[in-house]
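One structure is given below, encoded as structure tokens.
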Protein chains: 4
Amino acid sequence: MERLVKPLPAYLVGRYQGWKATSYEENKSWYRRLADEGQRPPMMVIACCDSRVNVNEMFGAQTGDIFLHRNIANLVPPYEPDGDPHGTSAAIEYAVTVLKVAHLIVVGHSNCGGVAGCLDMCAGKMPELEEKSSFIGRWLDILRPGYERVKDMTDPDEQKRALEREAVVESLSNLIGFPFVQSAIEAEELSLHGLWFDIREGALEGYNPQAKGFEPV
Amino acid sequence: MERLVKPLPAYLVGRYQGWKATSYEENKSWYRRLADEGQRPPMMVIACCDSRVNVNEMFGAQTGDIFLHRNIANLVPPYEPDGDPHGTSAAIEYAVTVLKVAHLIVVGHSNCGGVAGCLDMCAGKMPELEEKSSFIGRWLDILRPGYERVKDMTDPDEQKRALEREAVVESLSNLIGFPFVQSAIEAEELSLHGLWFDIREGALEGYNPQAKGFEPV
Amino acid sequence: MERLVKPLPAYLVGRYQGWKATSYEENKSWYRRLADEGQRPPMMVIACCDSRVNVNEMFGAQTGDIFLHRNIANLVPPYEPDGDPHGTSAAIEYAVTVLKVAHLIVVGHSNCGGVAGCLDMCAGKMPELEEKSSFIGRWLDILRPGYERVKDMTDPDEQKRALEREAVVESLSNLIGFPFVQSAIEAEELSLHGLWFDIREGALEGYNPQAKGFEPV
Amino acid sequence: MERLVKPLPAYLVGRYQGWKATSYEENKSWYRRLADEGQRPPMMVIACCDSRVNVNEMFGAQTGDIFLHRNIANLVPPYEPDGDPHGTSAAIEYAVTVLKVAHLIVVGHSNCGGVAGCLDMCAGKMPELEEKSSFIGRWLDILRPGYERVKDMTDPDEQKRALEREAVVESLSNLIGFPFVQSAIEAEELSLHGLWFDIREGALEGYNPQAKGFEPV
């Protein structure tokens, strides 16, 4: 790896040093306590890797507030304890059984490249995503049941936004299939929440399971 | 799901609305442009889900700057195109082949619960993590080669910190095994970086492959 | 030009080569992407040529972050499409209509030689600046309306600082007169910001249009 | 302007505060001296507004080192003391007659959007740039004599790079037409330099007037 791994670019070093001299310094006692006593976050958030979705900022989070898993299209796979590595399932297991978070929030968003790719793949427009070797495609398979629910929509923009919301609903539905999630909910030690964020308008909608739809928060 | 999914707690609604009226409002034109033209982040960061590690804040990031994947112990699994869903590999594939990020930065950290669990599991102290059904255990298997490199250390604190750094090194090493990562590096269109963050001290160390060790940035 | 244009002094060659071997090398993949895909800066900054005002450094900017126009006293002339060359207006037109920047920030500063010259000229103390052939004087004419607003101040230091701030306000006011600036603001695709930087104290103040004054950021 | 001018986005405030707590603080005594005694830069640089060209970084500049004018395509217009405002000429006059800089350096660069626009305009491909109301077009008129020297080139990439270099040569040639530049050179108090920077490769070339061409520095 000698010639492959490089030093951090200078502008990131500079910004980090600025952060350390200000935000860290002002908050040092809290960092010390968090290091010494361990984290104790009230919530886990599952959001997309997208660079335009910053849930810590949007929720005014303090250091230690949010146990945050981010993956492509904020997807939770079905419960499958097959002995293979499952990063998302491991993060959920850790949050619910070790950290005992009180809230588990799935955050979808507009303009999601992963969801757009899923739509194209399921519609047969991106055969390269259907190949066994496509990590993106095999990950987006998780959203195929959601696609079935929107496939007859005719307006492409509406269909994409609908599938972005289905990614949240599908993930919530898969979450319930994890026995430790189910039992934490039944013990009233955990509640689930679903959100969808509109990047352009800064708007946030919450999933209302009674209405089977999303409403402005 | 009717009785399982709940509305967002009021304090998060309140903080979100405050964010929208201030940060979003000041930066609205940039959100609009990001929504209309798509994201173009210069870097992908792979960090831990830990609530005490906020790389956006530490790097003074602007919305759109960091494509961020977070999983337990900031691990990258080996390249395995077996047709199963691999969330981390999908995120890397998307960042490198679709977004064409220039930097891929793995950020480890002190006090990592995942790394501590790996240490206990490999030392035979947590048999429940060795079960086939343990998502946490099967995910932490990725770090077993790193454990081999630190297993003879006698001071437990030093050993844990060493394994936290090995989690970064192992991930960098696995990253190089992805053909699309390899070819982007060879084309000088991508560079890799490894960091380790000390929560208590706010300190940051960078991996120096020549010295095969970490040094303050 | 044979005898008039000389090679670069050796100390600048040396510093450049050091930069290339370090900063450029660490960040090479980003330079390549910027060259291949073009710039996409979120902001344009209009600052003074003064050697003591480095907005890239002050804002921790990454290469590609700031489209930067610098002229004497950070002035924006009124909108005047008369077919003559207007360098400042051309830079603004390029930033707003071609690059579609989200933020346009005017940065004034303390100890501004241009503003001091304007004050002396308007007070009749520097007749040479009033000559038709004085480029400095004819450029500083842009700030005459600002002088009218401070001319009755009696403390010379306060008056100079007031006129430095008026240079920012006058520029913002002239910016709004450009039709393409106006329409980008109305579409919420552009926002204006005014700052004043104190070189001695490193302090930064922002223009608050409601208070019609500057406040620490 | 009440509803048009906004506060600075929070991420810029944060980065500025980080800079103040580190770079400024470490360098405070120099800022104080620069504020109290005035600037005394050894050089003026004329560069493009392009966000990818940071001459302060490339030349390892200290605060106070470079009096910096940046405009579209790093152009110097011909000497024209007609009583109209000329921002570039004013900056040059201030640098040479007030600050008495020892070096005046024109820096061109690859991938220049302004030069590409000039090429298209002169080739009749962008009639909108030929309109009287186009600030960009009227500014790029300065480079028309340079276009005449490259118009017969057949390879479009070579032609663009040639015109980027001509922008430097034309500016140097116009500089010599300013009487105060001419007399400062004759008194051996000022020397001119021309450079062209390749963004992709980080390479720098200097103008050699004897060879009438550019050579690596």
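Per the Cα gyration tensor, segment D:76-166 maps to an equivalent ellipsoid with semi-axes of 27, 18, 10 Å, ordered largest to smallest. Starting from the Cα of D:ARG40, step 7 Å toward the Cβ, then list every residue of segment D:82-119 with an amide N under 15 Å from that point. Only D:99-102 pass the distance filter. Of the trypsin sites (Lys or Arg not before Pro) found in segment A:161-217, those that fall in a DSSP loop while having at most 10 other beta-carbon atoms within 10 Å are A:LYS212. Each Cα pair under 8 Å and six or more residues apart adds its separation to the average, and for chain A the resulting relative contact order is 21 percent.
Ordering C:MET153, C:LEU190, C:ILE176 by Cα displacement along the dipole of segment C:141-217 toward the positive end leaves C:MET153 in first place; charges were set at the Cβ atoms of Lys, Arg (+1) and Asp, Glu (-1). Dipole magnitude for segment B:1-73: about 200 debye, using +1 per Lys or Arg Cβ and -1 per Asp or Glu Cβ, origin at the Cα centre.
Here segment B:123-172 is treated as a sphere whose radius is the Kirkwood value from Cα pairs; by Stokes-Einstein at 25 °C and 0.890 mPa s it diffuses with a coefficient of 213 µm²/s. Computed over segment D:149-210, relative contact order equals 23 percent, with contacts defined as Cα pairs under 8 Å that lie 6+ residues apart.
Using every pair of distinct Cα positions in segment C:1-119, the Kirkwood expression returns a hydrodynamic radius of 17.0 angstrom. Working note: Karplus 6.51/-1.76/1.60 with θ = phi - 60° gives segment D:176-191 the couplings 5, x, 7, x, 6, 6, 3, 6, 5, 5, 4, 7, 6, 9, 8, 10 Hz, where Gly and Pro are set to x.
For segment B:98-137, just say rounded, prolate or oblate: build the C-alpha gyration tensor, square-root its eigenvalues into a ≥ b ≥ c, call rounded for a/c under 1.5, and beyond that prolate if a/b exceeds b/c, oblate if not. Write out the running numbers ahead of the final one.
Working: a/c = 4.67, a/b = 2.08, b/c = 2.24.
Oblate.
Taking chain A as a Gaussian network of alpha-carbon nodes connected by springs under 10 Å, the highest mean-square fluctuation of the residues A:THR88, A:THR154, A:THR97 belongs to A:THR154.
Explain nothing, just the number: dipole magnitude of segment A:39-216 about its Cα centre with +1 on each Lys and Arg Cβ and -1 on each Asp and Glu Cβ, in debye rounded to the nearest 20. Mind showing how you got there, number by number?
Numbers: 15 positive and 27 negative charges, 42 e Å.
Value, rounded to 20: 200 debye.
Taken about its Cα centre, the protein assembly as shown carries a charge dipole of about 820 debye when Lys and Arg each add +1 at the Cβ and Asp and Glu each add -1 at the Cβ.
The spread of Cα positions in chain C, taken along each principal axis and listed from longest to shortest, comes to 55, 51, 42 Å.
Please report, to two decimal places, log10 I(q)/I(0) for the protein assembly as shown at q = 0.04, 0.10 Å⁻¹ as given by the Debye formula with identical point scatterers on the Cα atoms and no solvent. Each listed q corresponds, in turn, to -0.19, -1.10. Loop sites by DSSP among the GluC sites (Glu not before Pro) of chain A, restricted to those with at most 10 other Cβ atoms within 10 angstrom, leave A:3-187 as the longest stretch without any of them. Expressed to the nearest 5 percent, the antiparallel share of DSSP beta bridges inside the protein assembly as shown is 30 percent.
Only the coordinates and a few stated rules stand behind these numbers; no lab work does. Keep in mind the model is a prediction, meaning the values are calculated, not measured. Every residue, glycine among them, receives a Cβ derived from its backbone with ideal geometry; neighbour counts consider all protein chains shown.
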